[in-house]
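**Student:** Before anything else, here's the structure in question.
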Amino acid sequence: MIKTLISNIDELNIDKEEIKKHADLLAKGKTVIFPTETVYGLGANALDEEAVKKIYEAKGRPSDNPLIVHIYNENEINSLATDISEQAKKLMDEFWPGPLTMIFKKKDIVPQRTSGGLDTVAIRMPSHPIAREIIRQSGVPIAAPSANISGRPSPTKGEHVCEEMNGRVSGIIVGGDCDFGLESTVIDMTSEKPMILRPGSITKEQIEVLIGEVLIDPSIEGKADIKKAKAPGMKYTHYSPNGDVYIVSGDEENVINKINSLIEKQEANNLKCGVICKNKNIDKYKGQVIGLGNNLEEVGSNLFNSLIEMDKKNIDVIYSEAFSNTGVGRAIMNRLMKSAGYKVIEV
Ligand code: TXA
Ligand code: MG
């Protein structure tokens, strides 16, 4: 067990002195969890191999899975990466700070442990004021994966982070709920045509308006063997609550009837069932129901949280409605499919 310094910080009225305690921990090679606009991140000095090793230990993460390096200002990119294209600069101008991660050729200063042994490095400039302040004060680029134990849903609420990670890291900054609730869009800028390796709240369509056609890693859509995924993190079991997740897809009325009849059968076997759905359908289901929201943005921001809540209620089987696979929906369905282990019931 590590002694964990836990601080509550109001993102609208930031206590810089309190953040300094955590920035000092980072500067000394320790791990600190902090909120970002996507999910909570588990940070350490990206340039310090020993510090980065502690991230993998705290998460129980496979060491070939590379980390995203978080920076405070755009110029820092020049010390970490080379071959920054004009297209990449356009994306930075538009989307940084914000939930977009770009992959470049790395410079030697970035340790192999940070890049998972690859000769590329993933870089993002977050917009969350607490994330920005702690990176600024630490004075170093910060490697930060999502702050969950490897395989679990990414945490978007401070209380969930504390429950899971207290004693595993040196610091935790509790700073409210994350806005987007899904991790950043990851795009590989090293190939001739940039390729999206992980969909997020910045969509393919938004990117294409600026730089023309981009590709999508076929494994994201479940069309290719998942083991071939280009972002190593996409091939592992992921986002899994303790309960068994099924996606039920088809005409809405049929979906509702199917889920309710499945729940009846499961309950007859003494299994506890949960449903995650659009808010408008909350009253139509049996079992423990969690509404994810009224539109795709809300669904994205509540998805991981709902899976964690289902675990707290000791739910054995979770049924989810399917969502549209366009815009942000692509990121939602990507995460949902992974948490369901690609189990889809078509009705
Ligand atoms: O929103 C986010 O990106 C959050 C917050 C904390 O910033 N971070 C996050 O990190 O989601 P993580 O480690 O959970 O996911 C990073 C993803 C993984 O799928 C990893 O394989 C991929 O990015 N990745 C990182 N570096 C890469 C590289 N050089 N080449 C290909 N994929 C890379
Ligand atoms: Mg993650």
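**Student:** Sort the range 239-294 into rounded, prolate or oblate with this rule: let a ≥ b ≥ c be the square roots of the eigenvalues of the Cα gyration tensor; rounded if a/c is under 1.5, and if a/c is not under 1.5, prolate when a/b is larger than b/c, oblate otherwise. Let's see the in-between values first.
**Tutor:** Working: a/c = 1.60, a/b = 1.22, b/c = 1.32.
It is oblate, given that a/c is not under 1.5 and a/b is not larger than b/c.
**Student:** While we're looking at this one, here's another question. If you keep only loop residues by DSSP, which trypsin sites (Lys or Arg not before Pro) in the range 13-82 have at most 15 other Cβ atoms within 10 Å of their Cβ? Before the final figure, lay out each step's value.
**Tutor:** Working: sites: LYS16, LYS20, LYS21, LYS28, LYS30, LYS53, LYS54, LYS59; in loops: LYS28, LYS30.
Answer in residue order: LYS28.
**Student:** Which angle between 0 and 90 degrees, to the nearest 10, do you get for helix 129-138 versus the longest principal axis of the chain when only C-alpha atoms count?
**Tutor:** Roughly 30 degrees between the two axes.
**Student:** Can I ask one more? Assuming 0.36 nm per residue, please report the length gained on full extension of the stretch GLU49 to ILE149 beyond their Cα-Cα distance.
**Tutor:** Details: separation 100, 0.36 × 100 = 36.00 nm, distance 2.01 nm.
Length difference between fully extended and current span is 34.0 nm.
**Student:** Using Cα-Cα distances under 8 Å and only pairs 6 or more residues apart, what relative contact order does the chain have, in percent?
**Tutor:** Working: 778 pairs, mean separation 66.5, N = 347.
It comes to 19 percent, rounded to a whole number.
**Student:** Okay, next question. Determine the shape class of the range 80-194: with a ≥ b ≥ c the square roots of the Cα gyration tensor eigenvalues, call it rounded for a/c under 1.5, and otherwise prolate if a/b is greater than b/c, oblate otherwise.
**Tutor:** Here the range 80-194 falls in the prolate category.
**Student:** OK, next. With θ set to phi - 60°, apply the Karplus curve 6.51 cos²θ - 1.76 cosθ + 1.60 along the range 59-69 and write out the HN-Hα couplings as whole Hz, x wherever there is a Gly or Pro.
**Tutor:** 8, x, 9, x, 7, 8, 9, x, 9, 8, 9
**Student:** Another question, then. Is there a quick way to get the dipole size of the range 119-169? I mean about its Cα centre, with the Cβ of Lys and Arg at +1 and of Asp and Glu at -1; what is the value in debye to the nearest 20? Numbers along the way, then the final one.
**Tutor:** Values: 6 positive and 5 negative charges, 22 e Å.
That gives the range 119-169 a dipole magnitude of about 100 debye.
**Student:** Right, here's the next one. Could you name the lysines whose alpha carbon sits less than 23 Å from that of LYS272, not counting residues in the same chain fewer than 8 places away?
**Tutor:** Here the lysines satisfying the reach criterion relative to LYS272 are LYS258, LYS280, LYS284, LYS286, LYS312, LYS313, LYS338, LYS343.
**Student:** Same structure, new question: For the range 1-106, what class follows from the C-alpha gyration tensor (a ≥ b ≥ c being the square roots of its eigenvalues): rounded when a/c is under 1.5, otherwise prolate if a/b is larger than b/c, else oblate? Walk me through the numbers before you get to the answer.
**Tutor:** Numbers: a/c = 2.07, a/b = 1.34, b/c = 1.54.
Taking the square roots of the gyration eigenvalues as a ≥ b ≥ c, the range 1-106 is oblate.
**Student:** Once phi is turned into θ = phi - 60°, what whole-Hz ³J(HN,Hα) does the Karplus curve with 6.51, -1.76 and 1.60 give for every residue of the range 41-54, x standing for Gly and Pro?
**Tutor:** Going residue by residue, I get x, 9, x, 7, 4, 5, 9, 10, 4, 5, 5, 5, 4, 5 Hz, with x marking Gly and Pro.
**Student:** Oh, and also: Using only the alpha-carbon atoms, how far is helix 16-27 inclined from the longest principal axis of the chain? Give it as 0 to 90 degrees, nearest 10.
**Tutor:** Here the helix axis deviates by roughly 80 degrees.
**Student:** Another question, then. What dipole magnitude, in Debye to the nearest 20, does the range 139-219 give about its Cα centre under +1 on Lys/Arg Cβ and -1 on Asp/Glu Cβ?
**Tutor:** It comes to approximately 240 debye.
**Student:** On full extension of the chain, what length is gained from GLU297 through SER191, given 0.36 nm per residue of separation minus the C-alpha to C-alpha distance? Write out the running numbers ahead of the final one.
**Tutor:** Numbers: separation 106, 0.36 × 106 = 38.16 nm, distance 2.98 nm.
Result for the pair: 35.2 nm of gain on full extension.
**Student:** Let me ask you something else. Taking only Cα atoms, what is the 0 to 90° angle, nearest 10, from helix 252-268's long axis to the longest principal axis of the chain?
**Tutor:** Orientation of helix 252-268: about 80 degrees from the principal axis.
**Student:** Using just the alpha carbons, could you tell me how many Å³ per residue the convex hull of the chain encloses?
**Tutor:** With only Cα atoms used, the chain gives 130 Å³ per residue.
**Student:** Here is a follow-up. With n ≥ 4 as the cut-off for DSSP H runs, can you work out [θ] at 222 nm for the chain, using -39500 (n - 2.57) per run divided by the number of residues, rounded to the nearest 500? Can you show the working numbers first?
**Tutor:** Numbers: 11 runs with 112 residues, N = 347.
After summing the helix terms and dividing by residue count, I get -9500 deg cm²/dmol.
**Student:** While we're on this one: Can you tell me the dipole magnitude for the range 278-330 around its Cα centre, using point charges on the Cβ only (Lys, Arg +1; Asp, Glu -1), in Debye to the nearest 20? Don't jump to the answer; show the numbers that get you there.
**Tutor:** Working: 7 positive and 7 negative charges, 27 e Å.
The calculated dipole for the range 278-330 is roughly 140 debye.
**Student:** So between GLU213 and MET1, what do we pick up on full extension, going 0.36 nm a residue minus the alpha carbon distance?
**Tutor:** Working: separation 212, 0.36 × 212 = 76.32 nm, distance 4.86 nm.
Once the chain is fully extended between GLU213 and MET1, it gains 71.5 nm.
A short reminder: the numbers here are calculations on the coordinates, not readings from a lab. A quick note: this is a predicted structure, and the numbers were derived from the prediction, not measured. So basically every Cβ, Gly included, is an ideal-geometry build from the backbone, and we count neighbours across all protein chains shown.
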